[in-house]
Amino acid sequence: MNAKDNLFEIIKANASQKELNWIETKASGSLQSLQTAFVATPRFISKTPINTFETLNGVDFKTWTLDKLVRAYFLASLSDLHKEVYTKTLHTLFETAENNEAVALISSLVFLENPETWLLRATDAVRTNIGVVFDAIAFKNPYPQEYFSELAWNQLVLKCIFNDKPIQRILGLDERANKELATSISNLAHERWAAGRSIPPQAWRLVVKYLDETIFEDIKRLFDSESQNDQIAAALVCKYSEFETAKSKLEIHADLKDKTKNLTWSSLEC
């Protein structure tokens, strides 16, 4: 089945008969009917949390509500349109969307035809100051991992770190770690330290593969921090790194080595 049919199967398992009747009527109507239905969905569909273990196109629906899922279904239903009409319609929806509509659009990018076509819309969501829209592209969304350039990816991760957001909710976080990002995290840490602040301990997981003498100086500073979480982060970096100097440093801090034997980065999740 295609995305549209798969989405509808999940909807059927979560919607009432009255809701299903409304959805099917709108989905089988005109283009204008579909556009109107996308906007009007919250008036006719509940915000019941989705109850399914199924994932689709990399999307886990555990944090989704029924109204958001129905909006995704209406977007997927547009795929039957002629390419030019399809593209124009989606651009109109993006440009006129209020916040919840924008969240549905950004969350549904992987269900659209030729998802890479919508890269600019996705990177616009990274730059936005609207928290819920940024969160829609940043967290539990497979689109950035699949389609973002290294530059765009790094901007997404750094914005999360800068705003103390939970980076562990970014899909592909460890897989897309890179040297440039590790250097940027080190630079951000220095800026924060100069201002008497710190960065979230989770951020240091992204330097593990790229630890060198320069960044290792930052890890040594974490060992001396008054924050227990910073100390644990330092120990975890040394635990997972192949950098020999880091291994030796961990041996010196035997107490932290013992403490982190049964700890992972998830232990620092807030």
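The values are calculated or read from the model by the stated rules, or taken from the named source; none is laboratory data. All of these numbers come straight from a predicted model, not from anything done at the bench. Reconstructed Cβ throughout: ideal geometry from the backbone, glycine too, with neighbour counts over all protein chains shown. Accessible surface areas use protein heavy atoms only, side chains included; no ligands, DNA or RNA. Shrake-Rupley method; radii C 1.70, N 1.55, O 1.52, S 1.80 Å.
Could you sort out which of LYS209/LYS239; LYS165/LYS249; LYS12/LYS68; LYS209/LYS247; LYS68/LYS165 sit more than 18 Å apart by Cα distance in this structure?
Values: LYS209/LYS239 11 Å; LYS165/LYS249 29 Å; LYS12/LYS68 14 Å; LYS209/LYS247 13 Å; LYS68/LYS165 23 Å.
LYS165/LYS249; LYS68/LYS165, as the Cα separations exceed 18 Å there.
Where in the chain is the longest stretch that carries no GluC sites (Glu not before Pro) classed as loop by DSSP and with at most 11 other Cβ atoms within 10 Å? Walk me through the numbers before you get to the answer.
On the way: sites that count: GLU98, GLU175, GLU226, GLU242.
In the chain, the maximal stretch lacking such sites is 1-97.
Distance between Cα centroids, region 1-69 to region 167-227: provide it in whole Å.
Cα centroid to Cα centroid, the span is 40 Å.
Name the residue, out of ALA189, ALA254, ALA177, whose mean-square fluctuation peaks in a Gaussian network model built on the chain with Cα pairs under 10 Å.
ALA254
Mind listing the phi-derived Karplus ³J(HN,Hα) values for region 128-133, rounded to whole Hz, using 6.51, -1.76 and 1.60 with θ = phi - 60°, and x for any glycine or proline?
After applying 6.51 cos²θ - 1.76 cosθ + 1.60, I find 5, 9, 8, x, 5, 6 Hz.
Sort ASP60, ASP230, ASP80, ASP258 from largest to smallest accessible area, using a 1.4 Å probe on the heavy atoms of the protein chains. The partial results should precede the final answer.
Numbers: ASP60 55, ASP230 15, ASP80 120, ASP258 90 Å².
So the residues, ranked largest to smallest area, are ASP80, ASP258, ASP60, ASP230.
Treating the beta-carbon of each Lys and Arg as +1 and of each Asp and Glu as -1, no other charges, what is the dipole magnitude of the chain about its Cα centre, to the nearest 20 debye?
Values: 31 positive and 36 negative charges, 108 e Å.
So the dipole magnitude of the chain works out to roughly 520 debye.
Applying the Karplus parametrisation 6.51 cos²θ - 1.76 cosθ + 1.60 with θ = phi - 60° to the phi angles of region 184-191, what ³J(HN,Hα) value in whole Hz is obtained for each residue in order, glycine and proline being reported as x?
Once θ is set to phi - 60°, the couplings for region 184-191 become 5, 5, 4, 5, 5, 4, 5, 5 Hz.
Explain nothing, just the number: dipole magnitude of region 1-102 about its Cα centre with +1 on each Lys and Arg Cβ and -1 on each Asp and Glu Cβ, in debye rounded to the nearest 20. Display every interim value, and only then the final one.
On the way: 11 positive and 12 negative charges, 35 e Å.
Its charge dipole is roughly 160 debye.
GNM, the chain, Cα, under 10 Å: largest mean-square fluctuation among GLY58, GLY131, GLY196?
Residue with maximal mean-square fluctuation among GLY58, GLY131, GLY196: GLY196.
Carbon and sulfur atoms: what percent of the 1.4 Å accessible area of the chain do they account for? Walk me through the numbers before you get to the answer.
Details: 6550 of 13470 Å².
In the chain, the share of accessible area belonging to carbon and sulfur is 49 percent.
Tell me the volume per residue, in Å³, of the convex hull enclosing the alpha carbons of the chain.
Working: hull volume 37.2 nm³, N = 270.
Here the figure is 138 Å³ per residue.
Going Cα to Cα from LYS259, which aspartates and glutamates come in below 15 Å? Please leave out same-chain ones fewer than 8 positions away.
Straight-line reach from LYS259, under 15 Å: ASP230, GLU251.
Here is the link list: LYS140/LYS179; LYS18/LYS83; LYS83/LYS159; LYS4/LYS88; LYS62/LYS179. Which ones come out longer than 29 Å on Cα distance?
Values: LYS140/LYS179 23 Å; LYS18/LYS83 32 Å; LYS83/LYS159 34 Å; LYS4/LYS88 19 Å; LYS62/LYS179 32 Å.
Violating the 29 Å limit, Cα to Cα: LYS18/LYS83; LYS83/LYS159; LYS62/LYS179.
Residues of region 35-180: accessible area per residue at 1.4 Å, in Å²? Intermediate results must be reported in sequence, preceding the final value.
Numbers: 6900 Å² over 146 residues.
Accessible surface, normalised per residue, equals 47 Å².
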